[in-house]
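The structure appears right after this line, and notes come after that.
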Amino acid sequence: MRPHLQPLVPFALIVLLGGAWGLLGGKVPGDGMVPRLQAAEPTSTPVRATPPRNKDDIELEQMMKGRKAIRAFTVRGQSIAEAPPFKVETRQDKMQFYPCTNCHDNQFVDRRVRKLTEEHRELVFEHGGGRFWCYDVCHNGRDMNRLISYRRQPISYDESYKLCGQCHFERQKDWVFGGHGKRLGAFAVPRNIPEKYEELKVADRQAIGTWQGERVVHMCASCHNPHSPAIKPYTPSPPPRVRLGLAPPATRGAPAPKPWQKPGPSKGGAPAAITPVSKAPAAGAPAGVKP
Amino acid sequence: MSMRPETQPAERSGWSRRSLLKRGGMLTFLAGLFGAVPAVAQKVAEADDHALSDAVGALFQKHYQKMTPEEVQEAIARITRTAKREQGVDITVATDPPLQGVIFGYALNISKCKGVRRCVEACVAENNQGRESQIQYIRVLELEKGDMNLNDADHYFAPELVPQPGKFYMPIQCLQCDNPPCVIACPVQATWKEPDGIVVVDYNWCIGCRYCMAACPYWARRFNFSQPKIPKEQVNTDTHYLGNRPRPRGVVEKCHFCIQRTRKGRLPACLEACPTGARVFGNILDPNSDIRYVLENKTVFRLKEELGTEPKFWYYTD
């Protein structure tokens, strides 16, 4: 074919195909006809049989074959089983005076999802957006003194982090290596740390946690309520006092414009464009006077 | 004429009866005088409860790094006496040396920090900062999400509840730089970096010029414009010479990673008091420590890293 005719090839093809369509009695749907639902028959639309596999795809596939899942391992390739040893605060021994089986006597398990009106009314089921019920995942109705895993294996309350780690495995990895959570120390319940220094009693210095030696960490449930695990807002401690003779700065307005929000040099001339930009932060920032 | 030969031998020897009495009397007098001075000084010191002698002793004491152990003990005796006299508390001043093979590092999770400021209060209680001067080592900044311009930060925030939507919180304390500009700026070398990485201040050697405050890019140092006053029952009596011992007026102080705790293997007070568990402390030379896990596996950054101060305080996100 001559080179100057090459751009016309698609048009020629369209004309030829259209002619063939007309010759074969094809109708255009919509002009008073029943729409042809069978238009999407397999033969008319080409189905891509196999995805294209170029060299990179094959290499990637082979590379990923011998590779562990990254997110469950540290950068050094340690799994949570290889974490440094640690201890957790115990929970099971506190249950001996009032075990769950006092009431849950295993004779009858009411598995119906319902609003709790008699007991455990304080529980708010917000875990997972409220999609769990007691006996779905965590509790076994027949053995309430222990928790239960997905594979229906009992889990002691002292090892409840294993239960949490079934879904939150990545957070569990952080926790066993020390990147999440807190070591046991002077304050048994992290939520109840007093707000002001006058109320702080850190006199018992033996209770302060250690950074070396034995690692004793808080369990998941000492910070997160298992039934409603999102951390609730706190009341903040008082702000620092403003130095005598000065007023606290006014609450900041909008933050200074981002570099990508600043208008560039416009046609009106550089000084005219720069002046409002330089004044914008100055209007909000100093504000040394209380409004 | 006839007397001369008789007296000559005595004069030659220099021990006539007269001179013997004279010199002996003078020696006795001098010995008595010098013997009496310490006794009198003791009486004077006891009369004002060692106030004058302690002040003079503190004035003439040497730099902490150049003191002999005995001089350190004398200085500690002066400090404890002064605390007993002025505040009525019995404090213990430790001089725990840096631990071998330990460099302290700190990491703070700004995804977890909610601006609760419990760390600030625990720090004040632990480190004997003046209650009237209200010196606080930790400054919790409130920033708009997506904004890292510290000029927009607000550390006087006081909402009902934290965290506020659209905000994040970033506590700043002394970052214990490995290349500390404050140490370079100090004209009398009253502040230095210990082998375990903590930048400390000798409060007796500090002249209060505040050059270090000007040099610090993190606003980490505080100046005692007044004598720190603490109610007797709130004084933390477990102190360290380079840490939370009573400070005089007119000296600079700063966060020292709770040196009185951490050199005994304990955790800093701010970490203990954090209800969110955002803070991680440990030995960055120990490959199995918590902080090493954070540094290796998390997205970390250091504040104003481009200044080359090499802080040993990392911020990280989940």
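Every read-out reported here was derived from the displayed coordinates using simple, explicitly stated rules and does not represent laboratory data. Treat the numbers as computed from the prediction; the structure is a model and nothing was measured. Glycine gets a Cβ as well: all are built from the backbone with ideal geometry, and neighbour counts include every protein chain shown.
Modelling each spin label as a point 7 Å along the Cα-to-Cβ direction, I'd like the A:Gln6/B:Glu132 distance in nm, to one decimal.
Label-label distance for A:Gln6 and B:Glu132, simple model: 9.2 nm.
If the cut-off is 19 Å between C-alpha atoms, which aspartates and glutamates fall inside it for B:Lys84, apart from same-chain ones fewer than 8 positions away?
Filter leaves B:Glu46, B:Asp48, B:Asp49, B:Asp54, B:Glu74, B:Glu126, B:Glu233, B:Asp238.
Mind checking which of B:His256, B:His50, B:His240 has the largest fluctuation in a GNM of chain B, springs on alpha carbons under 10 Å?
Among B:His256, B:His50, B:His240, the largest mean-square fluctuation in the Gaussian network model of chain B belongs to B:His50.
Pairs to check: B:Lys112/B:Lys229; A:Lys201/B:Lys229; A:Lys196/B:Lys112; A:Lys65/A:Lys87; A:Lys115/B:Lys112. Give those whose C-alpha atoms are more than 24 Å from each other in this structure. All intermediate terms of the calculation are to be shown ahead of the outcome.
Working: B:Lys112/B:Lys229 34 Å; A:Lys201/B:Lys229 19 Å; A:Lys196/B:Lys112 21 Å; A:Lys65/A:Lys87 36 Å; A:Lys115/B:Lys112 33 Å.
Violating the 24 Å Cα-Cα cut-off are B:Lys112/B:Lys229; A:Lys65/A:Lys87; A:Lys115/B:Lys112.
Nothing charged except the Cβ atoms of Lys and Arg (+1) and of Asp and Glu (-1): what's the magnitude of the dipole of the stretch B:17-93 about its Cα centre? Round to the nearest 20 debye.
Dipole of the stretch B:17-93, to the nearest 20 debye: 760 debye.
With a cap of 15 neighbouring Cβ atoms within 10 Å, and only residues DSSP puts in a loop, list the trypsin sites (Lys or Arg not before Pro) found in the stretch B:22-101.
Values: sites: B:Lys22, B:Arg23, B:Lys43, B:Lys62, B:Lys66, B:Arg78, B:Arg81, B:Lys84, B:Arg85; in loops: B:Lys62.
Sparse-neighbourhood loop trypsin sites (Lys or Arg not before Pro): B:Lys62.
Can you compute the radius of gyration and Dmax for the stretch B:266-314, using only the Cα atoms, both in Å?
Reported Rg and Dmax, both Å: 11.9, 32.
Per residue, how big is the convex hull around the C-alpha atoms of the stretch B:17-93? Give it to me in cubic angstrom, could you? Could you put the intermediate results ahead of the total?
Numbers: hull volume 9.2 nm³, N = 77.
Measuring per residue, one finds 120 Å³ for the Cα hull of the stretch B:17-93.
Looking only at the stretch B:132-170, which residues have a backbone nitrogen under 18 Å from a spot 7 Å from the Cα of A:Val124 in the C-beta direction?
B:160-165
Grab the beta carbon distance between B:Glu74 and A:Asp204, set R0 = 25 Å, and tell me the FRET efficiency rounded to 0.05. Let's see the in-between values first.
Numbers: r = 31 Å, r/R0 = 1.26.
For B:Glu74 and A:Asp204, the calculated efficiency is 0.20.
Taking Cα atoms of chain B, Rg/Rh with Kirkwood Rh, to two decimals?
On the way: Rg = 28.2 Å, Rh = 22.8 Å.
Radius of gyration over Kirkwood radius for chain B works out to 1.24.
Using Cα springs under 10 Å in a Gaussian network model of chain B, which residue among B:Trp205, B:Trp192, B:Trp15 shows the largest mean-square fluctuation?
B:Trp15
Subtract the Cα-Cα distance of A:Lys232 and A:Asp93 from 0.36 nm times their separation in residues, and report this length gain in nm to one decimal. List each step's numbers first, then the result.
Working: separation 139, 0.36 × 139 = 50.04 nm, distance 2.79 nm.
Extending this stretch completely gives an extra 47.2 nm.
Using a basic spin-label model with each label point 7 Å from the Cα along Cα→Cβ, how many nm lie between A:Arg131 and A:His224?
Rounded to a tenth, the inter-label distance reads 1.5 nm.
GNM on chain B, C-alpha springs below 10 Å: top fluctuator among B:Gln129, B:Gln164, B:Gln61?
Of B:Gln129, B:Gln164, B:Gln61, the most mobile in the Gaussian network model is B:Gln164.
Working out 0.36 nm times the residue gap between B:Glu86 and B:Asn151, then minus their Cα-Cα distance, what length gain in nm do you get to one decimal? Could the numbers behind the result be given before it?
On the way: separation 65, 0.36 × 65 = 23.40 nm, distance 4.13 nm.
In short, 19.3 nm is gained.
If r is the Cβ-Cβ distance from A:Leu60 to A:Arg151 and R0 is 51 Å, what FRET efficiency results, to the nearest 0.05?
Details: r = 33 Å, r/R0 = 0.65.
According to the calculation, E is roughly 0.95.
Calculate the FRET efficiency for B:Glu296 and A:Arg191 from the Cβ-Cβ distance with a Förster distance of 30 Å, rounded to the nearest 0.05.
Details: r = 30 Å, r/R0 = 1.01.
Calculated transfer efficiency: 0.50.
For B:Ser19 paired with B:Gln42, estimate the spin-label separation in nm (one decimal), with each label point 7 Å from Cα along the Cα-to-Cβ line.
Between B:Ser19 and B:Gln42, the label points sit 3.7 nm apart.
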